[in-house]
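To keep things clear, I will list the structure first and then write my remarks on it.
The values are calculated or read from the model by the stated rules, or taken from the named source; none is laboratory data. If you're wondering where the values come from, they're calculated on a predicted model, not measured in any experiment. Neighbour counts run over all protein chains shown; Cβ positions are idealised from the backbone, glycine included.
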Amino acid sequence: MGGFKGRDVLSIADFSRKDIDLILKAAKKMVPAARGDKPNRTLEGRILATLFFEPSTRTRLSFESAMKRLGGTVIGFAEPMGTSVAKGETLADTIRMVESYGDIIVLRHPQEGAARLAAEFTERPVINAGDGAGQHPTQTLLDLYTIWDERASIDGTKIAVVGDLKYGRTVHSLTYALCNFDVELMFVAPPGLQMPNEVVEHVKGLGLPLTVTGDLGKVVSEVDVLYVTRIQKERFPDPQEYAKVAGSYRVDLALLKEARKGLVVMHPLPRMDEIAPEVDETPHARYFQQAFNGVPVRMALLSLILGGTA
Ligand code: NCD
């Protein structure tokens, strides 16, 4: 899509491979500033507005950290109860207000398509920080960064995405993004939680090698990356359906016995019981590094969108 200045980040599908490569390289340069080792005042005087209608720890705080590491400031809310949204204000009106208070808007909302709708009501750039079971494009950028940084290349990687592939927005965005690369994919999910058909068809249409299975034990020895996700309890219309699949898969030391030496285990977090704490001490665990990577990646993105450079 070309230039980044003023651009919305609504769906990862709007990003070409060239765009992704540019962001990853820009993010790498941001690492010393992201760690606080090197001052960077690129966005001094600029204001980021974070509107979180759903819970968040990493996404909101890493956006805040990223903006502040670049010399900017942050306004916003972490839950709508203290705002006029609780009085019944529409998303459209909230956005119309916020656009006069901030230079760029980060939105998380339970409804699919909310970020796209918000973008129609403002000239300010809107970043989708998760829209229901839809997409989570900036999570994907940090996921791609993590794979690239670990393996020096995303091409040639065999990746299993594991867990709630039906409701998990991170795996939807990640799969679309990986389709830009020469990768082999495996979708591993409990019954009823497999990847939506349109995503499967998209992968197949591109001719990428794909395995769809419920058997984590079978694929673990074959892959370079295990991308594990939480069952998205809050999206289940029926709690009994959740009870049926809760605890149905777990990555632990016994499972990893069969793993390749260089296997990288990722997770967007928060984890429940799908990765045993004992895995944290193994050389495979990369989820905390992955969470840190959200800072340099979001710095690169904010800098490119607001300043036009990185
Ligand atoms: C994810 C999300 O919100 O979609 N978390 C995150 O942003 N790191 C994953 C999840 O909630 O399971």
From the residues in region 113-145 that are charged (D, E, K, R) and under 15 Å from the mean Cα position of the chain (by Cα), which one is farthest from residue 58 (Cα to Cα)? 131
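State whether the residues of region 147-170 include one that is at pLDDT 95 or above and over 21 Å from residue 290 (Cβ atoms). Quick ask: steps written out before the conclusion?
So in region 147-170, the residues at pLDDT 95 or above come out as 147-170.
Cutting the leftovers down to over 21 Å from residue 290 (Cβ atoms) gives us 166.
For region 147-170, residues at pLDDT 95 or above and over 21 Å from residue 290 (Cβ atoms): present.
I need the full set of residues from region 171-184 which are touching a strand residue (DSSP E or B) at 6+ places or on another chain (Cβ under 8 Å) and either surrounded by 23 or more Cβ atoms within 10 Å (Cβ to Cβ) or over 15 Å from residue 210 (Cβ atoms) (or both), in order please. Let's see the steps before the verdict.
Taking region 171-184 as the starting set, the residues that turn out to be touching a strand residue (DSSP E or B) at 6+ places or on another chain (Cβ under 8 Å) are 171, 174-175, 178, 183-184.
Matches in region 171-184: 171, 174, 175, 178.
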Here are 94, 122, 83, 157: which of them is hydroxyl-bearing (Ser, Thr, Tyr) and under 20 Å from residue 11 (Cα atoms)? 122
Can you say whether residue 127 is in contact with a strand residue (DSSP E or B) (Cβ under 6 Å, 6 or more places away or on another chain), at pLDDT 95 or above and within 16 Å of the ligand (Cβ to nearest atom), as far as the supplied structure shows? yes
Is there a residue in region 74-95 that is in contact (Cβ under 8 Å) with a residue 60 or more places away in the chain, surrounded by fewer than 18 Cβ atoms within 10 Å (Cβ to Cβ) and of a type outside the set (Lys, Arg)? no
Quick count over region 150-165, residues being in contact (Cβ under 8 Å) with a residue 60 or more places away in the chain and either in contact with a helix residue (DSSP H, G or I) (Cβ under 7 Å, 6 or more places away or on another chain) or within 16 Å of the ligand (Cβ to nearest atom) (or both), is 8
From the options 302, 255, 263, residue that is surrounded by fewer than 20 Cβ atoms within 10 Å (Cβ to Cβ), hydrophobic (A, V, I, L, M, F, W, C) and away from the ligand (no atom under 16 Å from the Cβ): 255
Take region 96-113 and flag every residue that is closer than 21 Å to residue 74 by Cα, touching a residue at least 24 places away in the same chain (Cβ under 8 Å) and not acidic (Asp, Glu). 96, 98, 101, 102, 104, 105, 106, 107, 108, 109
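Condition check: hydrophobic (A, V, I, L, M, F, W, C) and within 15 Å of the ligand (Cβ to nearest atom). Does residue 193 satisfy that? Talk me through it step by step, then tell me what you get.
Values: hydrophobic (A, V, I, L, M, F, W, C): yes; within 15 Å of the ligand (Cβ to nearest atom): yes.
Yes: the conditions hold for residue 193.
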Look through region 232-249, keep the residues that are more than 16 Å from the ligand (Cβ to nearest atom) and under 21 Å from residue 54 (Cβ atoms), and return whichever of them is nearest to the chain's Cα centre (by Cα). 237
